[in-house]
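Each remark here refers to the structure printed beneath this line.
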Amino acid sequence: MTRLKIGTIVDDTPVKLTVVLPAAVHRDLISYAQALSKENGQAVEPAQLIGPMLLRFMATDRVFTKWRRSKGSADLGTSRSRQVSGTPTGESIDR
């Protein structure tokens, strides 16, 4: 199997957020969690995938990253040195 876009789930201080997802997205999250668990040998709950997937999505959105750089990290409340893990090759993406 080809490597998944999301790698190992990093334990980070979470912020609780409640979201409503379409049933199809939830089913896909369950399937993705099963595939990732099989690939990494690490049990993964579907809810654990949402944060890394959103991070990956935002880190690879060129327009958003360009906009973010133009605003500066102080305006956004996050460190520019924050890294997103889970790229297809396993390297980190600097924001």
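The values are calculated or read from the model by the stated rules, or taken from the named source; none is laboratory data. None of the values given here were measured: they were computed from a predicted structure. Every residue, glycine among them, receives a Cβ derived from its backbone with ideal geometry; neighbour counts consider all protein chains shown.
Of all residues in the range 35-53, those satisfying the criterion of being assigned to a helix (DSSP H, G or I) and either of a type in the set (Gly, Ala, Ser) or exposed (fewer than 13 other Cβ atoms within 10 Å of the Cβ) (or both) are Ala35, Ser37, Lys38, Ala47, Gly51. Here the range 18-34 is the region considered, the condition is being of a type outside the set (Ser, Thr, Tyr) and loosely packed, with under 10 Cβ neighbours inside 10 Å, and the residue that is modelled with the lowest pLDDT is Val19. Restricting Thr65, Thr18 to residues that are in a loop (DSSP other than H, G, I, E, B) and of a type in the set (S, T, N, Q) narrows the list to Thr18.
Beta carbons closer than 9 Å, at least 6 apart along the sequence or on distinct chains, pair a first residue in the range 1-23 that is under 10 Å from Pro52 (Cβ atoms) and free of Cβ contacts under 8 Å to residues at least 40 places away in the same chain with a second that is of a type outside the set (D, E, K, R) and outside any loop (DSSP other than H, G, I, E, B) for Asp12/Gly51.
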